[in-house]
Amino acid sequence: MSVLNWFKRIVGGEDIPAEANAPSDGTASLHGLDVMATIDAHMAWKSRLESFIRGQSDETLKIENIRPDNLCSLGQWIYGEGHDHFGHLPVFKQVRQEHARFHLCAARTLDLAAQEGEARALEELNRGDYSRASQRVKHLLAQLYLEAKNEHP
(Lines give C-alpha, C1' and ligand atoms only; values in the text may rest on other atoms or scores of the structure.)
Protein backbone atom coordinates (compact mmCIF):
# COMPACT_ATOMS: atom_id res chain seq x y z
CA MET A 1 0.00 0.00 0.00
CA SER A 2 1.32 3.46 -0.83
CA VAL A 3 1.78 6.17 1.79
CA LEU A 4 -0.87 8.33 0.12
CA ASN A 5 -3.38 5.48 0.05
CA TRP A 6 -2.66 4.73 3.71
CA PHE A 7 -3.44 8.32 4.67
CA LYS A 8 -6.50 8.43 2.40
CA ARG A 9 -7.87 5.32 4.10
CA ILE A 10 -7.40 6.91 7.53
CA VAL A 11 -9.07 10.14 6.43
CA GLY A 12 -11.88 8.05 4.94
CA GLY A 13 -12.52 6.57 8.38
CA GLU A 14 -11.21 3.09 7.72
CA ASP A 15 -9.86 1.12 10.64
CA ILE A 16 -6.45 0.22 9.26
CA PRO A 17 -5.31 -3.29 10.31
CA ALA A 18 -1.88 -3.57 11.94
CA GLU A 19 -0.37 -5.30 8.92
CA ALA A 20 -1.28 -2.26 6.81
CA ASN A 21 0.60 0.13 9.11
CA ALA A 22 3.81 -0.04 7.08
CA PRO A 23 3.37 1.39 3.58
CA SER A 24 5.92 0.08 1.16
CA ASP A 25 7.12 3.37 -0.29
CA GLY A 26 8.93 5.00 2.62
CA THR A 27 8.16 7.46 5.35
CA ALA A 28 5.85 10.42 5.26
CA SER A 29 7.70 13.49 6.44
CA LEU A 30 6.41 17.03 6.83
CA HIS A 31 9.23 19.46 7.61
CA GLY A 32 10.83 17.37 10.34
CA LEU A 33 7.82 15.32 11.41
CA ASP A 34 7.50 11.67 10.40
CA VAL A 35 3.71 11.60 10.30
CA MET A 36 3.40 7.81 10.14
CA ALA A 37 5.68 7.35 13.16
CA THR A 38 3.80 10.08 15.01
CA ILE A 39 0.45 8.41 14.38
CA ASP A 40 1.90 5.09 15.55
CA ALA A 41 3.32 6.74 18.68
CA HIS A 42 0.00 8.37 19.52
CA MET A 43 -1.86 5.11 18.99
CA ALA A 44 0.68 3.35 21.27
CA TRP A 45 -0.34 5.64 24.14
CA LYS A 46 -3.45 3.54 24.66
CA SER A 47 -1.36 0.44 25.41
CA ARG A 48 1.00 2.44 27.62
CA LEU A 49 -1.88 3.90 29.63
CA GLU A 50 -3.68 0.57 29.87
CA SER A 51 -0.56 -1.19 31.16
CA PHE A 52 0.02 1.56 33.70
CA ILE A 53 -3.61 1.56 34.88
CA ARG A 54 -3.53 -2.24 35.28
CA GLY A 55 -0.29 -2.02 37.26
CA GLN A 56 1.59 -3.96 34.57
CA SER A 57 4.03 -1.24 33.57
CA ASP A 58 7.50 -0.29 34.73
CA GLU A 59 6.87 3.22 33.40
CA THR A 60 6.24 6.11 35.73
CA LEU A 61 3.48 8.18 34.16
CA LYS A 62 2.71 11.45 35.89
CA ILE A 63 -0.32 13.57 35.12
CA GLU A 64 1.72 16.78 35.26
CA ASN A 65 4.01 15.43 32.51
CA ILE A 66 1.19 14.18 30.31
CA ARG A 67 -1.24 17.12 30.52
CA PRO A 68 0.93 19.70 28.68
CA ASP A 69 0.69 19.33 24.91
CA ASN A 70 4.11 20.81 24.14
CA LEU A 71 6.40 18.26 25.81
CA CYS A 72 6.10 15.41 23.29
CA SER A 73 7.74 15.48 19.88
CA LEU A 74 4.46 16.23 18.09
CA GLY A 75 3.74 19.12 20.45
CA GLN A 76 7.20 20.56 19.94
CA TRP A 77 6.74 20.32 16.18
CA ILE A 78 3.28 21.90 16.38
CA TYR A 79 4.59 24.91 18.28
CA GLY A 80 7.75 25.15 16.17
CA GLU A 81 8.45 24.07 12.63
CA GLY A 82 4.92 22.80 12.01
CA HIS A 83 3.41 26.17 12.88
CA ASP A 84 5.98 27.96 10.73
CA HIS A 85 5.10 25.89 7.64
CA PHE A 86 1.47 24.91 8.13
CA GLY A 87 0.01 27.31 10.70
CA HIS A 88 -2.08 28.94 7.96
CA LEU A 89 -3.98 25.71 7.21
CA PRO A 90 -7.31 25.23 9.02
CA VAL A 91 -6.54 21.53 9.48
CA PHE A 92 -3.29 22.44 11.26
CA LYS A 93 -5.28 24.48 13.79
CA GLN A 94 -7.54 21.47 14.28
CA VAL A 95 -4.48 19.22 14.83
CA ARG A 96 -3.17 21.65 17.46
CA GLN A 97 -6.53 21.80 19.27
CA GLU A 98 -7.22 18.07 19.17
CA HIS A 99 -3.65 17.23 20.19
CA ALA A 100 -4.07 19.46 23.26
CA ARG A 101 -7.40 17.76 23.98
CA PHE A 102 -5.75 14.34 23.62
CA HIS A 103 -3.24 15.25 26.33
CA LEU A 104 -5.98 16.52 28.64
CA CYS A 105 -7.94 13.29 28.11
CA ALA A 106 -4.87 11.12 28.75
CA ALA A 107 -4.21 13.01 32.00
CA ARG A 108 -7.88 12.71 32.96
CA THR A 109 -7.75 8.96 32.32
CA LEU A 110 -4.86 8.61 34.78
CA ASP A 111 -6.73 10.77 37.27
CA LEU A 112 -9.80 8.55 36.89
CA ALA A 113 -7.65 5.51 37.66
CA ALA A 114 -6.45 7.13 40.87
CA GLN A 115 -9.84 8.54 41.92
CA GLU A 116 -12.40 6.04 40.65
CA GLY A 117 -10.41 2.89 39.92
CA GLU A 118 -9.19 0.72 37.10
CA ALA A 119 -12.58 -0.17 35.61
CA ARG A 120 -13.67 3.46 35.18
CA ALA A 121 -10.30 4.48 33.70
CA LEU A 122 -10.35 1.58 31.22
CA GLU A 123 -13.88 2.51 30.18
CA GLU A 124 -12.65 6.04 29.43
CA LEU A 125 -9.63 4.67 27.60
CA ASN A 126 -11.70 2.40 25.35
CA ARG A 127 -14.98 4.26 24.86
CA GLY A 128 -14.72 7.74 26.32
CA ASP A 129 -13.30 11.12 25.42
CA TYR A 130 -9.76 9.69 25.37
CA SER A 131 -10.67 7.18 22.67
CA ARG A 132 -12.39 9.82 20.54
CA ALA A 133 -9.51 12.31 20.92
CA SER A 134 -6.96 9.66 19.99
CA GLN A 135 -8.84 8.72 16.83
CA ARG A 136 -9.33 12.37 15.95
CA VAL A 137 -5.58 13.12 16.24
CA LYS A 138 -4.84 10.19 13.94
CA HIS A 139 -7.44 11.34 11.42
CA LEU A 140 -6.34 14.99 11.48
CA LEU A 141 -2.64 14.15 11.10
CA ALA A 142 -3.47 12.08 8.03
CA GLN A 143 -5.60 14.92 6.69
CA LEU A 144 -2.82 17.44 7.36
CA TYR A 145 -0.36 15.27 5.46
CA LEU A 146 -2.67 15.01 2.45
CA GLU A 147 -3.47 18.74 2.41
CA ALA A 148 0.18 19.73 2.85
CA LYS A 149 1.22 17.44 0.00
CA ASN A 150 -1.52 18.91 -2.22
CA GLU A 151 -0.32 22.42 -1.38
CA HIS A 152 3.38 21.59 -1.95
CA PRO A 153 3.55 18.44 -4.12
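The values are calculated or read from the model by the stated rules, or taken from the named source; none is laboratory data. Everything numeric in this text was worked out from a predicted model, so none of it was measured. As a convention, Cβ positions derive from the backbone with ideal geometry for all residues, glycine included, and neighbour counts pool all protein chains shown. Surface accessibility is based on the protein's heavy atoms, side chains included, excluding ligands, DNA and RNA. Shrake-Rupley method; radii C 1.70, N 1.55, O 1.52, S 1.80 Å.
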Exercise for the section: Can you give me the number of residues within segment 114-124 that are modelled with pLDDT of 95 or more and surrounded by 21 or more Cβ atoms within 10 Å (Cβ to Cβ)? Expected result: 1
Practice task
Please identify the pairs in which a residue from segment 27-40 that is buried (at least 21 other Cβ atoms within 10 Å of the Cβ) has its Cβ atom under 7 Å from the Cβ atom of a residue that is among the β-branched types (Val, Ile, Thr) and assigned to a helix (DSSP H, G or I), counting only partners at least 6 apart or on another chain.
Solution key: Ala28/Val3; Ala28/Val35
Exercise for the section: Within segment 137-144, identify whether any single residue is out of contact with any strand residue (DSSP E or B) (no Cβ under 7 Å at 6 or more places or on another chain), without any contact (Cβ under 8 Å) to a residue 40 or more places away in the chain and open to solvent by 20 Å² or more (accessible area, probe 1.4 Å), and answer yes or no. Expected result: no
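It is to be established whether one or more residues within segment 99-120 are in contact with a Leu (Cβ under 7 Å, 6 or more places away or on another chain), farther than 17 Å from Arg54 by Cα and in a helix (DSSP H, G or I).
Restricting attention to segment 99-120, the residues satisfying the condition of being in contact with a Leu (Cβ under 7 Å, 6 or more places away or on another chain) are 99, 106, 109-110, 120.
Of the ones still in play, those that are also farther than 17 Å from Arg54 by Cα are 99.
Add one more test, that the residue is in a helix (DSSP H, G or I), and what stays is 99.
Scanning segment 99-120, I find at least one residue that is in contact with a Leu (Cβ under 7 Å, 6 or more places away or on another chain), farther than 17 Å from Arg54 by Cα and in a helix (DSSP H, G or I), so the answer is yes.
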Problem - Those residues of segment 47-86 which are part of a helix (DSSP H, G or I), exposed (fewer than 14 other Cβ atoms within 10 Å of the Cβ) and of a type in the set (S, T, N, Q), in sequence order - result: Ser47, Asn65, Ser73
Fill in the blank from the handout: Within segment 65-113, of all residues that are without any contact (Cβ under 8 Å) to a residue 12 or more places away in the chain and of a type in the set (S, T, N, Q), the one farthest from Ala148 (Cα to Cα) is Asn65
